[in-house]
Amino acid sequence: MAPRRTDSAPPPPAADPVAALDRIAYLLERDQAPTYRVKAFRTASAVVAGLDPDDLRLRVERHTLGDLKGIGPKTADVIEQAHAGGVPGYLADLEARPSPVPTDGAALLAAQRGDCHMHSDWSDGGSPIELMARTARDLGHEWVVLTDHSPRLTVARGLTAERLRAQLDVVAEIAAELAPFRLLTGIECDILDDGSLDQEPELLDRLDVVVASVHSKLRMDEPAMTRRLLAAVRNPRVNVLGHCTGRLIQGKQRPESAFDADAVFAACAESDTAVEINCRPERSDPPSRLLRGALAAGVFLSIDTDAHAPGQLDWQGYGCARAKACDVPADRVITTWPVERLLAWTGASR
Ligand SMILES: [Zn+2]
Ligand SMILES: [Zn+2]
């Protein structure tokens with residue numbers, strides 16, 4: 001296995017304005033900057049990528065980049081400085097700031113080979129599939145699973161069966177380009193009120209990895225929520241139970257859903273369904289008390305970023321720090337597994 005870098009992707013080569021803009025966006029995403037700030041750099045990157053090199057050179061020389069829609073004074077400065085062969089000042093300042101992602105789970109982080117949960121702009125992510133996959137690869141991963149939302153989650157532009165079928169064709173093309181890195185197919189499938197899954201069973205069977213999560217009626221009473229989760233984790237098509245309590249601990253907060261955790265984790269262990277350690281800082285789900293319970297029940301765990309933007313793929317350190325604090329052994333974590341082991345395991349449960 002190639003040694004995994006524990007820091008972020010390397011700085012871009014000089015004289016590459018697109019790489020400089022992308023790197024700035026990546027660092028802002030990693031550091032949880034507001035979306036509008038990130039968007040300025042992602043937009044400018046797309047504009048520059050679409051320019052003819054001679055046109056770009058002339059605009060740099062004449063200082064007319066700002067005339068283009070999608071490029072403002074700040075992004076024009078970055079482009080001009082990168083085009084001249086230097087590291088733009090704005091980027092240098094960002095690179096000099098320490099990453100907010102904790103490093104206390106460094107050994108476990110270094111053992112990570114993949115990520116079972118990320119979104120693209122096909123649902124509520126902000127970036128194309130290819131950029132998400134390339135970023136995962138550049139972070140040192142050997143594989144990553146694309147898990148866009150299912151149809152009922154309309155606020156997140158959940159994929160209908162038809163759109164998911166179309167996505168599988170697109171993923172196949174990108175995966176072929178990125179080999180030997182493995183871009184795997186998947187879904188974050190809603191767990192409906194009765195515990196059934198929000199996608200056609202035959203289509204779920206075609207996917208490499210199925211993450212199942214609750215996104216609606218999070219406050220249902222404890223017996224009903226327990227039945228709902230039990231049905232989902234016992235479904236042989238489900239491989240990973242996503243953010244099991246649904247809690248939010250930053251910004252707009254939300255309490256944990258009430259359910260019989262002992263019963264649900266016992267069912268996960270029995271049905272070979274992994275429990276996710278969701279790395280998003282506002283989720284940090286499950287809480288440590290439940291994470292210890294899951295571990296004691298003998299389940300596998302999946303340290304997932306649930307990234308909605310490239311820079312968020314860097315968030316595995318949050319989950320690794322929490323896992324280390326609860327003494328989670330690396331071998332119990334499916335995201336440390338080689339892709340062959342992962343696929344043998346997901347395939348065996350179907
Ligand atoms: Zn989710
Ligand atoms: Zn998600």
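State which residue is surrounded by the most Cβ atoms within 10 Å (Cβ to Cβ) when the search covers only the stretch 89-132 and only residues that are within 16 Å of ligand 2 (Cβ to nearest atom) and part of a helix (DSSP H, G or I).
Met132
Looking only at the stretch 48-65, how many residues end up being in a helix (DSSP H, G or I) and open to solvent by 50 Å² or more (accessible area, probe 1.4 Å)?
Result for the stretch 48-65: 9.
Looking at (1) touching a strand residue (DSSP E or B) at 6+ places or on another chain (Cβ under 6 Å); (2) on the phi > 0 side of the Ramachandran plot, which one does Thr147 not meet, given that it meets all the others?
Only one criterion is unmet by Thr147, namely (2).
Of the residues Arg163, Arg137, which is among the basic types (Lys, Arg), modelled with pLDDT of 95 or more, over 12 Å from the mean Cα position of the chain (by Cα) and closer than 21 Å to Pro310 by Cα?
Arg137 is the lone residue from the list that is among the basic types (Lys, Arg), modelled with pLDDT of 95 or more, over 12 Å from the mean Cα position of the chain (by Cα) and closer than 21 Å to Pro310 by Cα.
Determine, yes or no, whether Ile187 is farther than 22 Å from Trp315 by Cβ, among the aliphatic types (A, V, I, L, M) and within 15 Å of ligand 2 (Cβ to nearest atom).
no
Answer yes or no as to whether Ser271 is surrounded by 16 or more Cβ atoms within 10 Å (Cβ to Cβ) and touching a strand residue (DSSP E or B) at 6+ places or on another chain (Cβ under 9 Å).
Here the answer is no, as Ser271 does not meet what is asked.
Out of all the residues in the stretch 273-295, is one or more more than 21 Å from the chain's Cα centre (by Cα), farther than 18 Å from Ala325 by Cβ and away from ligand 2 (no atom under 16 Å from the Cβ)?
So far as the stretch 273-295 goes, no, none of its residues is more than 21 Å from the chain's Cα centre (by Cα), farther than 18 Å from Ala325 by Cβ and away from ligand 2 (no atom under 16 Å from the Cβ).
Examine the stretch 208-228 for a residue that is in a helix (DSSP H, G or I) and either in contact with a strand residue (DSSP E or B) (Cβ under 8 Å, 6 or more places away or on another chain) or at pLDDT below 95 (or both), and state whether such a residue exists.
yes
So which residues in the stretch 208-224 are among the hydrophobic types (A, V, I, L, M, F, W, C) and away from ligand 1 (no atom under 16 Å from the Cβ), if there are any at all?
Those that are among the hydrophobic types (A, V, I, L, M, F, W, C) and away from ligand 1 (no atom under 16 Å from the Cβ): Met220, Ala224.
The values are calculated or read from the model by the stated rules, or taken from the named source; none is laboratory data. Note that the structure is a prediction, hence the values are computed from the model and not measured. All Cβ positions, even for glycine, are placed from backbone atoms using ideal geometry, and neighbour counts span all protein chains on display. Quick note on the areas: whole protein, heavy atoms, side chains included, nothing else; ligands and nucleic acids left out. Shrake-Rupley method; radii C 1.70, N 1.55, O 1.52, S 1.80 Å.
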